[in-house]
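Scroll down for the structure; my scribbles are underneath it.
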Amino acid sequence: MKNLVLSICVAGALFACKLPAFSQTSGNPVFKGWYADPEGIIYDDTYWIFPTWSDLYEKQTFFDCFSSKDLVNWTKHPSVLDTAAVKWANRAMWAPSVIRKDDKYYLFFGANDVHEGEVGGIGVSVADRPEGPYRDLLGKPLINQIVNGAQPIDQFVFHDDTDDTYYMYYGGWGHCNIVKLNDDFTGLVPFEDGQIYKEVTPQGYVEGPFMFKKNGKYYFMWSEGGWGGPDYSVAYAIADSPFGPFKRIAKILQQDPEVATGAGHHSIMHVPGSEDYYIVYHRRPLGDKGRDHRATCIDKMTFDANGYINPVKMTFEGVKSRPIKKR
């Protein structure tokens, strides 16, 4: 009888080992804490997420970041940039955008929730490693003024490999501008027509622009709705040029009454040489109406046969382990 019981237990254990374990997925949220506006990026074989600390504006004085080799296990790197390193910033440090250039790592950020006549706006910092520490590059904002009605926040730096140009899309208050960065990210370069700022606002745009290229097409994405409420969401357009025109196609991320509300302000991570695309975004737990209770999540993003983005299904499981082979 004992042998029979032992055999049953062993068989059960072997069967259990074959079942998918929850630890084999990232889970959503992917890390603890209230974090919003996450920018995901891949540097070599490592995934990185740079989010906003979601809190009262006066307490938003630093940025943490997180790294992972597989999307499942994340390491926290605390305070990679803070107001001690940016003398002109004192509050509302928002929505980092990160990029690597010439073996340097750059972190663009918004600060001070700037309004006309105030000091603040979009700054840029630099480091020798992705996890910092970052130092203020200019000692002042890169963009301080209100142009075309766009508050200088929510910047996204986009490298167009077609002509090796670095553009920055930015803007709150329902307006989006595009500017061209100079070679060392210390200033802006006029376009061929002499303009420095071009407005590219699509229908429905509120804030949180993001751009990526796929098969030669420019996919422009943004957030709609109110960031403090349940209807925050993400929509997109496809164009033949980084300047658009960006005609709104559809909403692809929004609240789900069975999962979460307020799903928006996102970014995209694409594993090089694959069709694996991941959307990194923040959302609010069901039933939680706390203004700053926003958590960072990751889900798969897919396309249909014509290249259109399929609606994203939010999950609690998150995404499966996906190590990146060194190239």
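Relative contact order (percent) for the chain, with alpha-carbon contacts under 8 angstrom and 6 or more residues of separation? Don't skip to the answer; put the middle values down first.
Working: 859 pairs, mean separation 53.7, N = 327.
The value is 16 percent.
Do any of K59/K251; K213/K247; K101/K313; K76/K320; K140/K213 go past 23 Å between their Cα atoms, and which? Let's see the in-between values first.
Working: K59/K251 32 Å; K213/K247 16 Å; K101/K313 34 Å; K76/K320 20 Å; K140/K213 31 Å.
Violating the 23 Å limit, Cα to Cα: K59/K251; K101/K313; K140/K213.
Tell me, what % of the accessible area of the chain is carbon and sulfur with a 1.4 angstrom probe?
The value for the chain is 53 percent carbon and sulfur by accessible area.
Just the number please: accessible area per residue for the chain, 1.4 Å probe, all protein chains included, in Å². If you can, show how the numbers build up before the last one.
On the way: 14960 Å² over 327 residues.
For the chain, the solvent-accessible area averages 46 Å² per residue.
Count the net charge of all other residues whose Cβ sits under 10 Å from the Cβ of D102, scoring Lys and Arg as +1 and Asp and Glu as -1.
0
Can you show me the helix-derived [θ] at 222 nm for the chain, built from DSSP H runs with n ≥ 4 at -39,500 (n - 2.57) apiece and divided by the number of residues, rounded to the nearest 500.
The per-residue figure over the chain is -1500 deg cm²/dmol.
Using alpha carbons only, how many degrees (0 to 90, rounded to 10) separate the axis of helix 2-18 from the longest principal axis of the chain?
Tilt of helix 2-18: around 20 degrees.
Return the aspartates and glutamates within reach of K32: Cα separation strictly under 19 angstrom, same-chain partners fewer than 8 residues apart disregarded; answer none if there are no such residues.
D55, D64, D70, E131, D288, D292, D299, E317
The values are calculated or read from the model by the stated rules, or taken from the named source; none is laboratory data. Keep in mind it's a predicted model, so treat the numbers as computed, not measured. Note: ideal-geometry Cβ built from the backbone for every residue, glycine included; neighbour counts use all protein chains shown. Accessible surface is based on the protein model in full, side chains and every heavy atom, while ligands, DNA and RNA are left aside. Shrake-Rupley method; radii C 1.70, N 1.55, O 1.52, S 1.80 Å.
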